[in-house]
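A.B. asks: Got a structure for you, questions after.
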Amino acid sequence: MAADSESKLQLVHRHIRAFPDFPKKGVLFRDICPILKDAAALTAVIDLFEEHVRSNHQQVDLIVGLDARGFLFGPLLAQRLGVGFVLVRKKGKLPGATVSVAYDLEYSKAEVEIQEDAVAPGQKVLLIDDLLATGGTLFAASELMRKQQADILGYLVVIQLKELNGADKLKPHQVFSLVQY
């Protein structure tokens, strides 16, 4: 990796805070808010994502961002790449006809959806979120893309919690993460 990219990664890493026992005891929460507050750190995230996409994906039609933190990085990256951005929202948050997928969380169920006409069959998409833990939400978003007959190119996340093996749930597609814990 080039020295410039390495210094950007270090900047991003320095702007991630850890909060023990949040949202419950035994969880070490990784907070990206300091990245958003610092223009250089936020630019570094988008620069690194853009570099990866341009090097590894010759054609991208859409960036698909997950509710809610994928909405923070996705539009910036889409703008840089000159492509569109699509929202994957929690159930009941989008107007018009939607397509949805239900999935299991640790202690409950959830549902995500997109507008029915958001993705056309055959469009090449990259899914983006702030963090990959167990992979449940990204997997559900992938199921939405499959329902729409999109071509999933891969996943982009700022942080990957490797010990939770979320990337295994997303195979055969690759996960590109800036920071791993």
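A.B. asks: Could you give P(r) for the chain, binned at 10 Å from zero, as whole percent values over all Cα-Cα pairs?
C.D. replies: Spelled out bin by bin, the chain gives 10, 38, 37, 15, 1 percent.
A.B. asks: Where both residues lie in the chain, what percent of DSSP beta bridges are antiparallel, nearest 5?
C.D. replies: 35 percent
A.B. asks: Out of the GluC sites (Glu not before Pro) in region 81-163, which ones are loop residues according to DSSP with at most 14 other C-beta atoms within 10 Å? Each step should come with its number before you reach the end.
C.D. replies: Working: sites: GLU106, GLU111, GLU113, GLU116, GLU143, GLU163; in loops: GLU106, GLU116.
Passing sites in region 81-163 are GLU106, GLU116.
A.B. asks: Moving on. Can you find, among TYR181, ALA150, SER108, the residue sitting farthest towards the positive end of the charge dipole of the chain, where Lys and Arg contribute +1 and Asp and Glu -1 at Cβ?
C.D. replies: Of the options given, the answer is SER108.
A.B. asks: Next up: So what's the gap between the Cα centers of region 7-54 and region 108-160, to the nearest angstrom?
C.D. replies: 21 Å
A.B. asks: Anything over 24 Å Cα to Cα? Flag those among LYS25/LYS91; LYS91/LYS169; LYS147/LYS169; LYS37/LYS91; LYS124/LYS169, in the order listed.
C.D. replies: Over 24 Å Cα-Cα: LYS25/LYS91; LYS37/LYS91.
A.B. asks: Sticking with this one: Among GLY166, LEU81, GLN10, whose Cα projects farthest towards the positive end of the dipole of the chain, with charges put on the beta-carbon of Lys, Arg (+1) and Asp, Glu (-1)?
C.D. replies: In the chain, that residue is GLY166.
A.B. asks: Roughly what would the spin-label model give for GLU116 and LYS169, points 7 Å off Cα along C-beta, in nm?
C.D. replies: 2.9 nm
A.B. asks: First select every other residue whose beta carbon is under 9 angstrom from the beta carbon of PHE29; then total the charges, Lys and Arg +1, Asp and Glu -1.
C.D. replies: Summing Lys and Arg as +1 and Asp and Glu as -1 gives 0.
A.B. asks: Given contacts defined as C-alpha pairs under 8 Å and at least six residues apart, what's the relative contact order of region 111-181, whole-number percent?
C.D. replies: Relative contact order here is 35 percent.
A.B. asks: I want the local charge near LYS147. Using Cβ-Cβ distances under 12 Å, sum +1 for each Lys or Arg and -1 for each Asp or Glu among the other residues.
C.D. replies: -2
A.B. asks: Please give the charge dipole size of the chain, origin at the Cα centre, charges +1 on K and R Cβ atoms and -1 on D and E Cβ atoms. Round to the nearest 20 debye. Before the final figure, lay out each step's value.
C.D. replies: Numbers: 21 positive and 22 negative charges, 65 e Å.
Approximately 320 debye in magnitude.
A.B. asks: Might you report the magnitude of the Cβ-based charge dipole of region 28-80 about its Cα centre, with Lys and Arg at +1 and Asp and Glu at -1, to the nearest 20 debye?
C.D. replies: 60 debye
A.B. asks: Follow-up. Assigning unit charges at the beta carbon (Lys, Arg +1; Asp, Glu -1) and nothing else, what dipole magnitude in debye, to the nearest 20, does region 106-172 show about its Cα centre?
C.D. replies: So the magnitude is around 260 debye.
A.B. asks: Still on this model: Determine the sum of side-chain charges near ASP61: Lys and Arg each +1, Asp and Glu each -1, restricted to other residues whose C-beta is under 13 angstrom from that of ASP61.
C.D. replies: Values: positive: LYS124; negative: ASP151.
Net charge around ASP61: 0.
Each reported figure results from applying straightforward, stated rules to the coordinates on display, with no laboratory input. All figures in this text were calculated on a predicted structure; none of them were measured in a lab. Every residue, glycine among them, receives a Cβ derived from its backbone with ideal geometry; neighbour counts consider all protein chains shown.
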